[in-house]
Every structure is written in C-alpha cells, then in structure tokens.
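Nothing in this text is a laboratory measurement; each read-out follows from the coordinates by a stated rule. Values in this document were obtained by computation on a predicted structure and should not be read as measured data. Quick reminder, even Gly has a Cβ in these numbers, built from the backbone with ideal geometry, and neighbours come from all protein chains shown.
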C-alpha cells in the first residue's frame, strides 16, 4: 500500500466493467457504453477513436492499431493486426538513389495507408454488440463540440508543433500556435468523416471522397499513393506469441509488431536474480538496460512484415535468451550490442476495457511520431501517420522498404495470463520503449510484488541509441553509479512512456484499474 502522506494514485476498483486509458473523457465514454449495455469491444472503439480528438498528437484516424481480444466465456486470445501497408509505388532503391539513408520521417514517403479504421469496423462487426454508430457517437460529438486540452497533451503538442506542415498547421494549431492547457480543440471535418463511417462503414473512408482527399493530398506532397492502395486495405487476424516470466504468461502480437522483443527481453532477465536487487537501484537498471540492448538488436535484425521474416522462432527460443544473457557484464555497460551478439545470431495510445462478462480488450492505436508525418489531408484534415519510417533502406534486409509491405511496428498491446486464465490486459505507450516497458512491468509484478498501480508509478530508465535515459524518480546517486559503469546518462525531457492496466481477480470478481500519472488519464469503472 502506498504512503498516503505522499503524492500518488490509488488503484480503482469496480465489479461490473472498467476502462483504463490516457484521457478521462475517453475513459468516461467507454464506461458509459458499458453501462448502456455495450460490450468491451464497443467501449474500446469508442474510447480509442475519441482519443484521436483528445490527444491528436498521439493518434487519429490516419493511424494504425493492434488489438488483443479475449471473448466472454473463453480464455482464448485473438490478435487483430490493423496496421496498413506501404503504397505499391514505394521503392527503397529510388529513395537510396535520392541520397536517403533512412525513410524521411516527415515526408509522404513515410506515410503508410491507415489501417485502424478498417480494423475498428471489422472488430465491431465480428465482436461488438452495440454497433459502430454507437461506438463512434462520442468522438463525433466531441470533435464538433470540442475538447479542453489537458496538461500533458498540451506539453507534447508544443514540442511537436514545429513538425506540422502545410494543411496540418491549419487543422492542428490555434492561431498558429500549439494550444495551451484548457484551450478548446475542435475537429469538425473529422466529425464529418466519422459520421460517414458510422453510416456506411469502412468504404466511406477507403473509397469515395474521403479517400480521394487523402490520395490527392499525399500525391501533391510527393507520395506514390493511389486509390487502389486505399481500397485494398484489410486488417487480419493472427496468432499471438507468448513467453513466461515467473507464474505469468506474457501474450503479445507476432510480427510486424515488436511483441517478440518484449518476450526475448523477459527471457534474458530470467537468467538474473532480479528479485534480490534494489528495485530502484543502479544494478537492476543496468542489467535491464544491457538486456534491452541485446533484445532490441535482435529486433532490428529480424523483425519485419510476417511475410518477410523467418527468425521469429529464433527470437523466442530459450537458448537464444540464455546465450545473450551470458554476454552481459553485471558491472560494465557494453558500447555496441551488435558485434557482441553476432555469434548468437548467425544462421530484427493505449486503451484497455473489461466488461461484466469478462470480455477483455487490449488496444493500442497510434500515428507513430508525435503528429506522425506532420502532414494532413487538405479537405478533411486527416493527420497522416509516418509508420513507413519504421522501414529500413538497407538492401536485402527483411524490413527493407517496399510497396505492399507492412513496416516493423513499435506499438504492442499486451495481456498476462496465469494458470491459463487472463489476469491483466495492459499496455505501455512510448514508441521504442514499449518492449522494455512490458518487461519492466511484469518484473515489477513478479520480482517485487507490486500492485499494478505501483508497478506503473515506479521510476523508469531506458537505454536508447547509446543514451541511458533515467527519470527524475531515481536518486542522483543511481545516475552517478550508472555513469561509473559506462552508461552515458541523461534525464529525459519528457517522462518515459505511459501505461494502463486492469487486473482481473477471479476469486473476488473485482477489477483493479491502474493508470499512469505520466499521462492525463484515469481508470474508471462501475
């Protein structure tokens, strides 16, 4: 139990249904759907699409989503991949000839076809109860009436404002500037798009006037997108992958998501007595950072569109984790994981809802970078994701950019099972941090016995591209000790990631919601 003398957040308890997400209006809308008789799928779609109005820098209808779903009356977990593909005309050789080493992230070349709307429509049709009109009604209302901008959203918006270009500046700035906390943001043109989707389904987005607006806007910005690219968009069900950590089974999406990275990282950490370490000390942060370097190196080598990667079994194999764990020096940071691990690799927003019938949804929905590509369609103001920046331009790599391919994705919803039963849908936002965040959360739960809210509140560190980002929640002495071990230590400009979780207590029937104080949101139940 937390010390009530200190700032903090208590877990939220309820019995009938619950939503945990990063904005209170979205959590409220989801719970209202549940109270009105909708199920977890109806509520999750409602909350997720509304988040595109509440937090447009994080997500929107121009983005992608991944979903894990456990139906009522079953312990099976279904995975739905709602990530879009590159336009048929994308060509890595052409980009290399133009002098690019990477796919330019703030360009039309980085814009893959949005997959989320197709996935939401499919999810509602296959698993929903209330219907798409009901699920989209809250977002339509708030897009027209407006949403007061929350503090963390305003902070992120200001950091990303300079990346907005052309039409995006008209739609996502107020009088040429990022909105301040409490200013009202409206998106009436998006309300019109959502109203059409509510009436006519996915075809209202991927064909006709809305699709024409997106294609014409992207081609004017140098893209190769066609109406055929949009019309061909289709989500697909896939088989989840999983691994264990202590008594818990970690369930993740297969590639093109990076869920296998989280499983590999957890498998590496198994080879160390993490529970004997200070949970907020330098030694644990060091071991986790070194394990993450090795797991992310494997991700960068192997993960890609499922049709183009053949090393998933290698990443998930216990032997791979054992060999990588042996490369970690408990007292010294490695400079570059690639040469060290070469021998091992021979032969690369979040919302969760649980309803009264214990259907559970773990859904993550994103435009990748803050405001994605920084580009928007001219007529309807649809902000385009830049997921194509997740491709590599390395010739012959499984994740090499090419038309019709899905790039490696950072967004990964998670679920935890124990004894074959789902005990927690959860997610950790934060781009590349997400696999590290999944492994840290499960370690906090298993190794240190934390409740979900405490596990989320706990300070975070992340070794990213040679920079050991250590939140201010760590003591200064910890940063000094990490520096002595050879880490290049910094305090990140923004807090690392954001997490949401709902623990299901099968003995009492009680739901326990946890929401990250690093974000504006909350867990709500009824």
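Annotation: peptides 451-457, 484-490, ranked by per-residue average of other Cβ atoms within 10 Å with the highest first, follow the order 451-457, 484-490. Whole angstrom only: what separates the Cα centroid of segment 113-153 from the Cα centroid of segment 472-526? After rounding, the separation between the Cα centres reads 27 Å. Between residue 4 and residue 275, the modelled label-to-label distance comes to 3.0 nm, taking each label 7 Å out from Cα in the direction of the beta carbon. For segment 113-200, the orientation-averaged shadow of the C-alpha convex hull comes to 6.8 nm² (one quarter of the hull surface). For segment 98-148, the spread of Cα positions along the three principal axes, ordered from largest to smallest, is 51, 33, 12 Å. Pair-distance distribution of segment 177-228: all C-alpha pairs, bin width 5 Å, starting at 0; shares per bin in whole percent are 4, 18, 19, 16, 16, 13, 11, 3, 0.
Just need the Rg to Rh number for segment 370-457, please, alpha carbons only, Kirkwood Rh. Result: Rg/Rh = 1.12. Based on the convex hull around the alpha carbon atoms, segment 200-247 presents an average projected area of 6.2 nm².
As an equivalent ellipsoid, the chain spans semi-axes of 33, 28, 22 angstrom, where each value is the square root of five times an eigenvalue of the C-alpha gyration tensor, largest first. As a calculated quantity, the FRET efficiency between residue 76 and residue 15 at R0 = 22 Å, using C-beta atoms, amounts to about 0.40. Working from label points 7 Å from Cα in the Cα-to-Cβ sense, the residue 508 to residue 219 distance is 6.0 nm.
Report Rg/Rh for segment 258-413, rounded to two decimals, where Rg is the Cα radius of gyration and Rh the Kirkwood radius. Reported Rg/Rh, Kirkwood definition of Rh: 1.04.
Report the calculated FRET efficiency for residue 465 and residue 357 (r = Cβ-Cβ distance, R0 = 45 Å), to the nearest 0.05.
Details: r = 44 Å, r/R0 = 0.98.
Given R0 = 45 Å and the Cβ-Cβ separation, E is 0.55.
With a simple spin-label model that places each label point 7 Å from the Cα along the Cα-to-Cβ direction, the separation between residue 174 and residue 312 comes to 4.5 nm.
What whole-number volume per residue, in cubic angstrom, does the convex hull of the C-alpha atoms of segment 326-485 give? Spell out each step's value before the answer.
On the way: hull volume 35.1 nm³, N = 160.
Roughly 219 Å³ of hull volume per residue.
As a length-normalised measure over Cα pairs under 8 Å and 6 or more apart, the relative contact order of segment 153-282 settles at 11 percent. If R0 is taken as 30 Å, the Cβ-Cβ distance between residue 488 and residue 418 corresponds to a FRET efficiency of 0.20. Packing here is the average count of other Cβ atoms within 10 Å per residue, and on that basis the peptides 491-503, 317-329, highest first, run 491-503, 317-329. Taking the three principal axes of the alpha carbon atoms in segment 1-78, the coordinate ranges are 42, 36, 25 Å, sorted in descending order. For segment 254-320 versus segment 1-66, the inter-centroid distance based on Cα atoms is 29 Å. Computed with the Debye formula from one identical point scatterer per Cα of segment 187-271, without solvent, the log10 of I(q)/I(0) at q = 0.15 Å⁻¹ comes to -0.73. Given in Å, the Rg to one decimal and the Dmax to the nearest whole number for the Cα atoms of segment 230-334 are 15.5, 55.
Most tightly packed first, judged by the mean number of other beta-carbon atoms within 10 Å of their residues, the peptides 220-226, 108-114 read 108-114, 220-226.
Relative contact order for segment 419-526: 30 percent, from Cα pairs under 8 Å spaced at least 6 residues apart, divided by residue count.
For segment 1-158, the Kirkwood estimate of hydrodynamic radius, built from reciprocal distances between every pair of different alpha carbons, is 18.1 Å.
Only helices enter the 222 nm calculation for the chain: every DSSP H run of n ≥ 4 contributes -39,500 (n - 2.57), and dividing by all residues gives -11000 deg cm²/dmol, rounded to 500.
Any idea what the relative contact order of segment 1-66 is, in percent, if you count C-alpha pairs under 8 Å spaced at least 6 apart?
Values: 48 pairs, mean separation 14.4, N = 66.
That works out to 22 percent.
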